[in-house]
1. Using +1 on the beta carbon of Lys and Arg, -1 on that of Asp and Glu, and nothing else charged, what's the dipole of the chain about the Cα centre, debye to 20?
2. Output the relative contact order of the chain, whole-number percent, from Cα pairs under 8 angstrom with separation of 6+ residues.
3. Given (i) 15.6, 55; (ii) 18.7, 61; (iii) 14.1, 41, which label gives Rg and Dmax of the Cα atoms in Å as computed from the coordinates?
Amino acid sequence: MAAALFRHALAAQDDPLRSLVVESAGISALAGYPAAANSDQALRKVGLSLLDHRSLPLTQEALDRAFAVFCMTESHRAVIEVQFERPPKRLFLMREFVARGDRDIPDPFGLNLAAYEASRDAMVEAIPSLVNYLQAEFDSTAAAPPAG
């Protein structure tokens, strides 16, 4: 859900944000599984779909090519920091830049539709702060003097 929501938000931005590739990967995901039916149903209520989604496990290669990685929970971030040889420099919680509320977004896997909708809503609330963060990062990179 997070990747679909984030892709949708970035599509409304100017470049370079609009051109960013958003990938979804899980620290305990198996490859090739469709999204949970309740994930798709929760997103359909806001005009998005996960019918084409297939799960991917998180890899070092994915971390190495990522500009930033946004985790759902503090425990996910801890796993990445401990289990991967080169954790990314920009490793944040999805709700890290939200001023209020819980910073973790609980995994609704196996729960009812209401739990998926609550997770979706927590993600939606976080996305503007992520867009602002990325814009500031790209602005500061563009303003930096050339190395050398």
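Since every read-out is calculated from the coordinates, none of them should be taken as a lab result. Just so it is clear, the structure is predicted and the values come from calculations on it, not from any experiment. Methodologically, a virtual Cβ is constructed for each residue, glycine included, from the backbone with ideal geometry; neighbour enumeration extends over all protein chains shown.
1. Working: 14 positive and 19 negative charges, 26 e Å.
It comes to approximately 120 debye.
2. Values: 182 pairs, mean separation 33.3, N = 148.
Relative contact order, the chain: 23 percent.
3. Among (i) 15.6, 55; (ii) 18.7, 61; (iii) 14.1, 41, the one derived from this structure is (i).
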